[in-house]
Amino acid sequence: LFPHAVVVTPNTREATTLLDILVETVADAREAARRLGDLGPAWVVVKGGHLADDGGDAVDVVYETATGELSELRLPRILTRNDHGTGCTFGAATAALMARGAGVPAALDAAKRFVHAGLASSAGWHLGAGHGPVGKLAAEGAVRAFASVLGLPTTIARLNVCYGPTGWGGVRGEFLGR
């Protein structure tokens, strides 16, 4: 399927499996992105949520196959257990933005900011044992990032799914303005 893909977004573990190499550092992710690019997609993003030498940032390595250009999507790491679904959210956000007409670089940048805002909004959630979900509904910055890439008005409303120490707490709405 890779030769038919515009963008592929493997994480480091997936890149390790696909290429049978270890992907543990930013340099490893750069090499993996190049090698995955040889399989035919137009763009490769090696999601580096846990790279060893990231300097405290969450670093994703981006490779444009046509030009051979490597770049990075880099934002400060958010320490949270609520990171389940970050890769799928990134891929879905990228696809949604591209479907709405955004170019690949703009879509990748906005998707990165969307996931980052979701991580920030859910960092304090305590939803039981294990890894919780990345927050997608409560991220004002994420919605604004999407709107700006798509050229949409930034009048937005936010719904928060409320969980408390005793469990489900309902939904509350909030107007965020322009």
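So the values come out like this:
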| read-out | value |
| --- | --- |
| Qualifying residues in region 35-85 (those that are outside any strand (DSSP E or B) and crowded, with 20+ Cβ neighbours inside 10 Å) - the one modelled with the lowest pLDDT | Asn82 |
| Residue count, region 1-34 (criterion: surrounded by 15 or more Cβ atoms within 10 Å (Cβ to Cβ) and among the basic types (Lys, Arg)) | 2 |
| Some residue of region 110-122 being in a loop (DSSP other than H, G, I, E, B), among the charged types (D, E, K, R) and open to solvent by 30 Å² or more (accessible area, probe 1.4 Å) | no |
| Subset of region 7-38 [among the β-branched types (Val, Ile, Thr) and either in contact with a strand residue (DSSP E or B) (Cβ under 9 Å, 6 or more places away or on another chain) or more than 22 Å from Thr89 (Cα to Cα) (or both)] | Val7, Val8, Thr9, Thr12, Ile21, Val23, Thr25, Val26 |
| Candidates Gly101, Gly135, Gly118, filtered to the one that is modelled with pLDDT of 65 or more and more than 30 Å from Leu70 (Cβ to Cβ) | Gly135 |
| Any chance Gly91 is in a helix (DSSP H, G or I), open to solvent by less than 40 Å² (accessible area, probe 1.4 Å) and more than 18 Å from Ala5 (Cβ to Cβ) | no |
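The values are calculated or read from the model by the stated rules, or taken from the named source; none is laboratory data. Quantities reported herein were computed from a predicted structural model and do not represent experimental measurements. Because the Cβ atoms are built from the backbone with ideal geometry, glycine has one as well, and the counts that use them run over all protein chains shown. Side chains are part of the model used for accessible areas, which takes the heavy atoms of the whole protein and leaves out ligands, DNA and RNA. Shrake-Rupley method; radii C 1.70, N 1.55, O 1.52, S 1.80 Å.
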